[in-house]
Structures are given as structure tokens and as C-alpha cells.
Amino acid sequence: MLEFTDRSLFVNAAIFTLGALGVWLAGTKLSRYVDLFAERTGLGQAFAGALILGGATSLPELATTLTASYSGAAKLAGTNLLGGVAMQIAVLGLIDAFVLRGKPLTLFSPQPSLLMVGVMLIVMVAFASAAVASGEIFSIGSVGFWPLFLLVAYVSSLAVIYRYEGNPRWEPKGDVAQPPESARDLKDAHQANFSQTSTTRIVTYFLLASTVVLIGGFFVARTGEAIAEQTGTGQNFVGATLVALATSLPELSTTYSAVRFGAYSMAAANILGTNSLEIALFLPAELAYREGPIFDALDPSASFLASLGIILTSLYLWGILERRDRTVAGMGVDSFAVLFIYVAGLAIYYTL
């Protein structure tokens, strides 16, 4: 396994930057390919964003989780997963603030299926918080009950989301706001550019971009760990911030790209779906960790990160439900609340 702690801080910072650039460039392509695939197959943007795009952008988290768990850094792996949930909800707030200025992001996402994706995420994170608080209950072979249960819960949630998106029980009333003209134009131009490209080729492009995200994400995560060690920052806080930020770059780039060409529901579903998958990644973490149940290795403070993720997700569900055309500092009230509580939450977590 590559060791980066033997390299200088400057070299690690350079590798980190190059890996991050690769992840960003490839990530901006992923959402466009998934949008085309969803349009052609009729999957629906919310389901495609939650499953396909969410899965692809979770590749760096998978690489980081396996690497950290195998090396015995269970706290880093666990706080990266739980801290990533909160951080990626904050990504929606940043996109709202700097990309879609003047109108709330949730105003353009009147999809009932997004609420179902968010509710399923809250259930998943609540289960993970319960696992941290209780510790492992019993093992099946060498695998604990909780990681297996979380995987079953994730697969079940996908089934619920897919069934609900195909037959929603309610639709939003009132004015359904249209995205800005420039976003619609960008999306129409994008679809026209690929009108002669076969679905098979689009899938090939998607797989190539996913590979770049995986490789770049691995180097970003590994050098991020080394930089954290070289600067003397604690493993828990590093996992929740620096490594979580590094592995969230694909979500940031794909969400930015999706919003830029008008796929607002996919942008939100990408974040919410990725977060659900992150909780399911406790199973591969358990398989890679060789020193016992991974939930027994986590500090109780990890449940604070889970609670923070639940609070931030609930705020965005509030925004989707209410869909108020109100802004604070150029962003939706829900996004402002998310960013404020996220920063305050990290400050509290640092003291734990």
C-alpha cells in the first residue's frame, strides 16, 4: 500500500491538489451522463440521482473507508462516513449560495420522491446513531449485526424510493417555479449535443469518468490523511472535516454541474442518495477492519455527527415542503440555516 507519510508535506499537498482537480473535472461530467441516461430510460431524476450518481460519487468514500479500516484507523473511517453526511448537506447550501443566487434551490425541486429519499436517509442515519450508542449487539460469523442491518435497510430504502417515484401519492400545488432561462438553455443544448450518441457510449463515458473519480479520490483521501497526521490534527476531527471534504469533492462537482444545467431534483437526490449509501458503507468497513466490530471502536461523540446529519437533512426537507421564495444573503432560508448549524455543530464537535 502506498505510504504518503514518508513524503514531505509539500509533496502531499501537490498530490492532493492534482487528485482533487481530477475528481472535480470528472465529477462535472458524471451528472450530465446520468441525466441523459435517466431521460432515455425513464428511471426518473430522483431515483437515478440517488442510485447511479450517488453510487459513482461514493467511490472515494469507499476507497477511503476500506483503506482506513484495513490500516486500523476505525475512528477515521467511521467519522468520515458520518461526518460526510452532514458535510454533503452543507454542499447543497454552498451551491445555493454561490451558483443559484437570488432564488432558493428547493424552490426548483418540487418532487415528492425527494422527500421520500430524505426520509429514508434520516432513518438510515438514526440507525447508525443507535449502533454507535449501543455498540455491537452480536456477530454473524466475523461480521457484526449492525453493518449487515444497515445494508439491508439501504437496499430496502431503494426499493421504497423506486416504487414511490413511479406512483407518487401526492403532487405539489401552487406555482411550480421554472428554473432560470440560462439553466434550461444549457440543459437543452447538452441534450442536443448528445442526440446522436448511443446510450451504450454514454454508459461507457460514465464508467470512464467514474474510474477517474475513484483513482483521484483515493489519492485525495490518502494524502489528506497524511497531511492531517503531519500537521498533528486528531483522527476524529480529521475524519469529520478534512477527509470528509476530500471525499465529498465528487458530490460538490456533480451537484454544481447538475444545478448549472437545470437538473435540480437530481442535484438534491445525488446528495441525499450518496449519504444513504455512505451509511451502508459500514459493512465494507467492518469487513476490512481486523480488530473487532467497527462500531465498538468508535467514540460516543460519533453519534453527535449522526445527529447533526439528521438535523441538516430535516432542514432541507422543510425547504422542499414549504418551497418559499425567500432568501437570506442570496440563498434560501433553509440553506442559510443549514450552513449556520453545520459550522456551529463542527465547533461543538471539536470540543467533545
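Read-outs: derived from the displayed coordinates by stated rules, not from any lab. As the structure is a computational prediction, the values presented were derived from the model and not from experiment. Quick reminder, even Gly has a Cβ in these numbers, built from the backbone with ideal geometry, and neighbours come from all protein chains shown.
Here the 3J(HN,Hα) profile of region 151-158, calculated from phi with Karplus coefficients 6.51, -1.76 and 1.60 at θ = phi - 60°, is 5, 4, 4, 5, 4, 5, 5, 4 Hz, Gly and Pro shown as x. With Cβ to Cβ distances under 10 Å as the rule, what net charge do the other residues near Glu136 carry (K, R +1; D, E -1)? Net charge around Glu136: -2.
How much length would be gained if the chain were fully extended between Leu18 and Leu287, taking 0.36 nm per residue of separation minus their Cα-Cα distance, in nm to one decimal?
Roughly 93.8 nm would be gained on extension.
Taking label positions 7 Å along the Cα-Cβ direction at both Arg324 and Thr200, the computed distance is 5.3 nm, reported to one decimal. Counted by Cβ distance under 10 Å from Asn80, the other residues give a net charge of -2, where Lys and Arg count +1 and Asp and Glu count -1. Residues Arg201, Arg32 in ascending order of nearby Cβ atoms (within 10 Å, fewest first): Arg201, Arg32. Peptides 249-257, 330-338, 136-144 ranked from most to least packed by the mean count of surrounding Cβ atoms within 10 Å: 249-257, 330-338, 136-144. For Leu25, Leu151, the sequence from fewest to most other C-beta atoms within 10 Å is Leu25, Leu151.
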